[in-house]
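Computed from the coordinates by the stated procedures, all read-outs in this text should not be read as laboratory data. Bear in mind the structure is a predicted one, so any value in this text is a computation, not a measurement. Backbone-built Cβ (ideal geometry, glycine too); neighbour counts: all protein chains shown.
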Amino acid sequence: MTQPTILCDLSSHPPDPRTRSLYARLNERRRELDGLRPLSPDQVGDLKRLYGLDLTYNSNAIEGSTLTYAEKRVILEQGITVAGKPLREHLEVINHKEAIDFIEELAACAQRRSQSAL
């Protein structure tokens with residue numbers, strides 16, 4: 001097993017006691033999270049679907065989309081358009097999800113990417 005990740009090494013710049021306590025709690029939570037890994041492929045897939053939909057819904061909503069959460073789920077999961085809604089909004093949902101997928105592919109790649117790839 002690998003060494004647990006420490007979020008912040010405080011040895012070089014000791015902060016005030018309140019901040020030190022916060023970092024200690026964060027590091028303990030991180031150790032708990034690390035103890036749950038690795039996630040099963042099904043768990044990873046469920047999280048990707050959930051967060052992909054949530055990110056897409058919230059991002060499109062900020063941009064003024066009139067599609068509901070359920071409508072965006074239908075678009076992403078079934079690939080159909082929603083009656084009475086502009087095709088532009090349908091394409092925004094699809095394009096946003098494809099952008100998330102692209103970023104995940106870049107992150108999964110072990111090679112260094114140039115700034116132009118982003």
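Give the calculated FRET efficiency between I80 and C109 to the nearest 0.05, with a Förster radius of 35 Å applied to their Cβ-Cβ distance.
Computed FRET efficiency for I80 and C109: 0.65.
How much length is gained on full extension from R37 to D54, taking 0.36 nm per residue of separation minus their Cα-Cα distance?
The span from R37 to D54 would gain 3.8 nm if fully extended.
If you count, for each residue, the other Cβ atoms within 10 Å and average over each peptide, how do 64-77, 44-57 line up from highest to lowest?
64-77, 44-57
Find the eigenvalues of the gyration tensor of the Cα atoms of the range 41-117, then list the square roots of 5 times those eigenvalues as equivalent ellipsoid semi-axes, largest first, in whole angstrom.
Each semi-axis is √(5λ); the values are 25, 16, 10 Å.
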